[in-house]
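Enquirer: Below you will find the structure I want to go over with you.
Every number here is computed from the coordinates shown, using simple stated rules; none is lab data. Worth saying up front: this structure is predicted, and the values here are computed from it rather than measured. Positions of Cβ are generated from backbone atoms using ideal geometry, with glycine treated the same way; all protein chains shown enter the neighbour counts.
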Amino acid sequence: GAVVSQHPSRVICKSGTSVKIECRSLDFQATTMFWYRQFPKQSLMLMATSNEGSKATYEQGVEKDKFLINHASLTLSTLTVTSAHPEDSSFYICSANQPSGGANEQFFGPGTRLTVL
Amino acid sequence: SQQGEEDPQALSIQEGENATMNCSYKTSINNLQWYRQNSGRGLVHLILIRSNEREKHSGRLRVTLDTSKKSSSLLITASRAADTASYFCATANYGGSQGNLIFGKGTKLSVKP
């Protein structure tokens, strides 16, 4: 199946700094990628839909100026958490869409664990 | 926003027993997918069932979908300790926002050896 990678897998940063997370589709082109956040023992919550060559679509309650998304190519989307605070500590997961028999199957990255001190 | 609601929230069984998890959703869907997540790890896609399908099998997994009741079930037969994980259902509706998935809250399955 298609492979999606994320980098880094784990990051610890100081409060107030910015952190960039990369999401790559390794063997297919993805015009659409999704960013999810998962707090401990909770489910995934969609943060935003990343569209190649255009602005991301953010879900209600997600600050677009805090979570900057750039989808500059068909295989790469980045999420930058700006001025991170401890409450931003979470597991961030991306996924990429690959049309498959009309089902638009999503492939998930392994996740990035962000800890803000 | 959350759409799927899994039940039970937690399930503990002995190895060899069957595990059944249910998922209900609220809006119309194109397909419903089940995922597994081991503690602190990424998601593993298990199975996808389309809205016009009623049942699907994959190895020890059996998924049913009842669109009239807006519900799905995941059955794991002859469970193993390695099946211990959280299981999530996720629904896709391509009429809205390009196919993002909406995840349920998950069922935490514990299989005791």
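Enquirer: Lys and Arg at +1, Asp and Glu at -1: add these up for the other residues within a Cβ distance under 12 Å of residue A:92 and post the number.
Expert: +2
Enquirer: Averaged over peptide A:49-57, how many Cβ atoms belonging to another chain are found within 10 Å of each residue's Cβ?
Expert: Per residue, the number of nearby Cβ atoms from other chains is 1 on average.
Enquirer: Also: List the residues of the stretch B:5-34 whose backbone N lies under 12 Å from a point placed 7 Å from the Cα of residue B:112 along the Cα-to-Cβ direction.
Expert: Correct set: B:12-15.
Enquirer: I've got another one for you. For the stretch A:1-51, just run the numbers: alpha carbon Rg, then divide by 2.2 N^0.38 Å, N being how many residues it has.
Expert: 1.33
Enquirer: Here is a follow-up. Using the beta-carbon distance between residue B:57 and residue A:54 and R0 = 35 Å, what value does 1/(1 + (r/R0)^6) give for FRET efficiency, to the nearest 0.05?
Expert: Once rounded, the FRET efficiency stands at 0.30.
Enquirer: Here is a follow-up. Two decimals, Cα atoms only, Kirkwood Rh: what is Rg/Rh over the protein assembly as shown?
Expert: 0.97
Enquirer: If I build a Gaussian network model for chain A, linking alpha-carbon pairs within less than 10 angstrom, which residue out of A:81, A:62, A:19 has the largest mean-square fluctuation?
Expert: Maximum fluctuation in the GNM of chain A, among the listed residues, is at A:62.
Enquirer: Still on this structure, please answer the following. Need one number: nm distance between label points at residue B:17 and residue B:78, each 7 Å from Cα along Cα→Cβ, rounded to one decimal.
Expert: 1.9 nm
Enquirer: Just to compare against my own numbers: the Cα pair-distance distribution for chain A, 10 Å bins, whole % per bin, please.
Expert: 15, 48, 31, 6, 0
Enquirer: So, in nm, how far is label residue A:65 from label residue B:47 when the simple model puts each one 7 Å beyond its Cα toward the Cβ?
Expert: Once both label points are built, they end up 4.8 nm from each other.
Enquirer: Right, another one. Among A:15, A:50, A:95, which one moves the most in a GNM of chain A with springs linking Cα atoms closer than 10 Å?
Expert: Of the options given, A:15 has the highest mean-square fluctuation.
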